[in-house]
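Structure record follows, encoded as structure tokens.
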Ligand SMILES: O=C(O)CCC(=O)C(=O)O
Ligand SMILES: [Fe+2]
């Protein structure tokens, strides 16, 4: 079925957007936008495989290794391995490997983390200071809003599952081409979430038997070329295929006041404190409903849904 073709929305591109224009015309709309022609510093020309390997050296990095292009968090068809950074970059850039973990055409993905994954936040200035000097991060937010800067390096063909993050995000594509498919937070009922990830792994050829409501999800899409920056607002779902070997850096920043976020979150994907508390309370309410026989439970559950819709849904979403 080609049901998706009718519902693809191209993410708009804007060229040479200044900080002032971004904050006035783009940011308040809370929709993804591709920013072209941004001043990113020498990284866009300097970051070859040779240069990266030599500049970052043999610092150990933990990577995802997958025998197939589409990583599956449900069946866990990938493994975590550790490699020296320079070895990893060379492997990620090649298609067939002489040395490998799973298969000669395995794919690699790095999502950089802090020194202590549980306590420290990824910050390229701390983990890769030499490379950080090559990048000029567009500072379209206040310094205090900064949360993390995450290095993302991917083999050609690798696909990262659809997920949301809770911070606002600039995905800076330094080298290599990527396809990004996005879904609005309002389409969450159609995405079959497991935590922050969608169980619909194959967004191009979804299993409609298993995921019938997915047909309603409006697909936004863009291609990122080297030098493009994608603004991904908090809670917007994104699915990324690296069409070529590529190096990206993404910057997460806080949209809400700092105290709204979970202090133990090092990845930028734990729900805001009030949201997780509300979900906990809902779980307690559901437990309480179990005290009733089905006929009554169903009736009161429907009333609760109506109340949530009336009281908490925004009315400009349609
Ligand atoms: O480009 C990628 O590899 C994934 C990007 C992503 O998930 C993010 O920036 O939050
Ligand atoms: Fe993400």
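Every number in this text was worked out from the coordinates using simple rules, so none of it is lab data. None of the values given here were measured: they were computed from a predicted structure. Cβ coordinates were reconstructed from backbone atoms using ideal geometry, including for glycine residues, and neighbour counts include every protein chain displayed.
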Contact order relative to length of the chain, as percent, for alpha carbon pairs under 8 angstrom and 6 or more apart: 21
Residues of the range 34-74 with amide N under 18 Å of a point placed 7 Å along Cα→Cβ from residue 125: 40-43
Rounded if a/c under 1.5, otherwise prolate or oblate - the range 30-94, Cα gyration tensor axes: oblate
Angle between the chain longest axis and helix 294-312 axis [Cα atoms, degrees, rounded to 10]: 60
The range 254-318-the range 5-41 distance, computed between alpha-carbon centres (Å): 31
Residues listed by number, the range 60-92, amide nitrogen under 17 Å from residue 50 label point at 7 Å toward C-beta: 86-87, 89-91
Whole-Å distance, taken between Cα centres, linking the range 193-226 and the range 44-98: 26
Size-normalised alpha-carbon gyration radius of the range 3-260, reference 2.2 N^0.38 Å: 0.99
Protection proxy ranking, peptides 105-118, 75-88, average beta carbon neighbours within 10 Å, highest first: 105-118, 75-88
By average C-beta atoms within 10 angstrom, highest first, the peptides 192-200, 217-225: 217-225, 192-200
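Grab the Cα-Cα distance for residue 143 and residue 19, subtract it from 0.36 nm times how many residues apart they are, and report the gain in nm with one decimal.
Values: separation 124, 0.36 × 124 = 44.64 nm, distance 1.35 nm.
So the chain would gain 43.3 nm between residue 143 and residue 19.
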Zone of residue 9's modelled label, taken as backbone nitrogen in the range 181-214 under 13 Å from a point 7 Å along Cα→Cβ: 182-188
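Calculate, for residue 36 and residue 118, the FRET efficiency according to 1/(1 + (r/R0)^6) with r their C-beta to C-beta distance and R0 30 Å; round to the nearest 0.05. Display every interim value, and only then the final one.
Details: r = 37 Å, r/R0 = 1.24.
The computed FRET efficiency comes out at 0.20.
For residue 221 and residue 98 in the same chain, what is the full-extension length gain: residue separation times 0.36 nm, less their Cα-Cα distance, in nm? Could you put the intermediate results ahead of the total?
Working: separation 123, 0.36 × 123 = 44.28 nm, distance 3.53 nm.
40.7 nm is the gain from fully extending residue 221 to residue 98.
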